[in-house]
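Worksheet: the structure to be examined is printed underneath.
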Amino acid sequence: MAMNTDNALRRSVIYEVYVRSHTPEGAFKAIEPDLDRIAALGVDIVWFMPIHPIGKLNKKGSLGCPYANRDYRTVNPEYGTLEDFLHLVEEIHKRGMKCIIDVVYNHTSPDSTLVKEHPDYFYYKPDGCRGNKVGDWTDVVDLNYENRALWQYQIDSLCYLAQYVDGFRCDVASTVPVAFWQEARRAVERVRPGAIWLGESVHLAHIQAFREMGFYAATDTELFTAFDILYPYDLWPLYEGVTEGRLPLSQWFDAVDYQEVSFESGYNKLRCLENHDTSRAADRFPERKKLLAWTALNYFMKGTTLLYAGQEVCEKHTPSLFEKEPVDWNGGEDISDYLAKLAAIKKKLPTDELFRIGADDTQGIVTASYIGPAARAVGIFPLEGKGGTVAVPLPDGTYTDALSDEAVTVADGKLTIGEETVILLG
């Protein structure tokens, strides 16, 4: 792990905001009235998807993608002014939350400031034209980190932004040299001590494809030397296979369990059921019982929990990256109170202890636990919406379920549950 990673991040909740879709206005100022509600969810960190101007050349859709960045050092005028954003950050801080922003350092838009001022900073295809290494990303051109002058420009940009925000979510972090991220982290630490670094580590198939083409792509193990938190995309295909009924539950959870002894002990994986690039959890789990059980498990697992704005009202539609599609805040069931309770439980979990997780494929129940000399906690999650009896690593006796506040009994090393999750804090 990065030398100064704070293990408390594993008990934190990040709330992802797409400014364009969060409100009908799609502006910084319009988010401020919603901050009290966001804080009440138990959120620790607010993450804004890219706030910078969007490229117009080769843009996708009518408005373009925020990940086709036109300038690293200004804000998107469609969202408001820099002053508007800084006031929003100030209001976030007043509520005891931190703020991180997206930085897109793998590529820029074809009409970016850097293209105009530093054409030597870019990757050129064999035909001599600027381009990108991912074919369908037609609205961007890739940067070339073999040019050390680019490193200094990007690090200077991060240090400038770190005057105002508490950290960064780094897009496609795997395809930017780990050595760059390490150097950037050291520089930012002098401006913003304790800055948070969330890296979008990519799917294993992405790494494989890049390496087959002779391009650079870092593994999670390499990236953990620079980042505090990494994406769960290494196992995402297993998550999709399990939740779509193509794979047994145990195939994913055995892989999750293996992470505990394959990564350095301070590792921190982002735990999410959805984000801006995936289908919504409420769409993936249309049955309420299943949605609530998977949500509880997502909070209980070792790692920082991510909520994508709209998840708390069971929004089923993922907003387009290229159009204006405001979240329907009244379209589904509001489970905010449930999420707030899960967040409160998460902050009590002994996440420095050993984490174990396993699935009973027959009953569709997952048992997860933190076990160590200091404390222990056990969660039993009926992911198929059905009750059953499972073995639990607890002494026989009566315990209080942290979710329902009701008594439950462990007898002969086993616990019988109904259709709802049970969490026991020792």
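Each reported figure results from applying straightforward, stated rules to the coordinates on display, with no laboratory input. Only a predicted model underlies this, so the values are computations on that prediction, with no experimental measurement involved. For neighbour counting, all protein chains shown are included, and Cβ atoms are generated from backbone atoms with ideal geometry for every residue, glycine included.
Rounded to the nearest 10 degrees, what's the angle between the helix 178-191 long axis and the longest principal axis of the chain, both from Cα atoms, 0 to 90?
90
Counting DSSP beta bridges with both partners in the stretch 28-176, what percentage is antiparallel, nearest 5?
40
What lysines does LYS348 reach when the alpha-carbon gap must be under 29 Å and sequence neighbours fewer than 8 apart in one chain are set aside?
LYS94, LYS98, LYS269, LYS289, LYS290, LYS302, LYS386, LYS414
Under a cut-off of 25 Å between alpha-carbon atoms, report the lysines in cross-link reach of LYS125, not counting same-chain residues fewer than 8 places apart.
LYS56, LYS59, LYS60, LYS116, LYS133
Compute the FRET efficiency between SER279 and MET213 as 1/(1 + (r/R0)^6), taking r as their Cβ-Cβ distance and R0 = 25 Å, and round to the nearest 0.05.
0.30
Could you give the semi-axes, largest first, of the ellipsoid that matches the stretch 168-254, computed as the square roots of 5 times the alpha carbon gyration tensor eigenvalues and rounded to whole Å?
28, 17, 8
What nm value, rounded to one decimal, do you get for the distance between ARG190 and GLU32 when each label is placed 7 Å out toward the C-beta?
3.5
For GLU183 and THR416 in one chain, what is 0.36 nm times their gap in residues minus the Cα-Cα distance, to one decimal in nm?
78.7 nm
Stretched out fully, how many nm does the piece from ASN58 to THR398 gain, at 0.36 nm a residue minus the Cα gap?
Between ASN58 and THR398, full extension yields 116.1 nm more.
Quick check: pseudo-label points 7 Å beyond the Cα along Cα→Cβ at LYS324 and GLU222, how many nm apart are they?
Between LYS324 and GLU222, the simple spin-label model gives 4.2 nm.
Roughly how many whole Å is it from the C-alpha centroid of the stretch 346-386 to that of the stretch 223-246?
Using only Cα atoms, the two centres lie 18 Å from each other.
Grab the Cα-Cα distance for GLU91 and GLU264, subtract it from 0.36 nm times how many residues apart they are, and report the gain in nm with one decimal.
This chain segment gains 58.7 nm when fully extended.
Under the rule of -39500 (n - 2.57) per DSSP H run of 4 or more residues, summed and divided by the residues of the chain, what mean residue ellipticity at 222 nm is obtained, to the nearest 500 deg cm²/dmol?
It comes out at -8000 deg cm²/dmol, rounded to the nearest 500.
By how many degrees, 0 to 90 and rounded to 10, does the Cα axis of helix 148-161 deviate from the longest principal axis of the chain?
Helix 148-161 and the main axis of the chain meet at about 60 degrees.
Over the chain, what number does the Rg to Rh ratio reach, with both radii from the alpha-carbon atoms and Rh per Kirkwood?
When Rh is taken as the Kirkwood radius, the ratio is 0.97.
Which value results for Rg/Rh of the stretch 6-96 when Rg is the Cα radius of gyration and Rh the Kirkwood radius based on the inverse mean 1/r?
Using Cα coordinates only, the ratio equals 1.01.
Given labels modelled 7 Å from the Cα in the Cβ direction, how far is it in nm from GLU83 to LYS348?
4.6
Taking Cα atoms, how many degrees apart are the long axis of helix 249-262 and the longest axis of the chain, rounded to 10 and kept between 0 and 90?
Helix 249-262 sits roughly 70 degrees off the main axis of the chain.
Restricting to bridges with both residues inside the chain, how much of the DSSP beta-bridge set is antiparallel, in percent to the nearest 5?
Here the antiparallel bridges make up roughly 60 percent for the chain.
Can you tell me the order of 10-20, 367-377, 274-284 when each peptide is scored by its average per-residue count of other Cβ atoms within 10 angstrom, highest first?
Averaged packing, sorted descending, gives the order 10-20, 274-284, 367-377.
How many angstrom lie between the C-alpha centres of the stretch 314-341 and the stretch 36-70?
16
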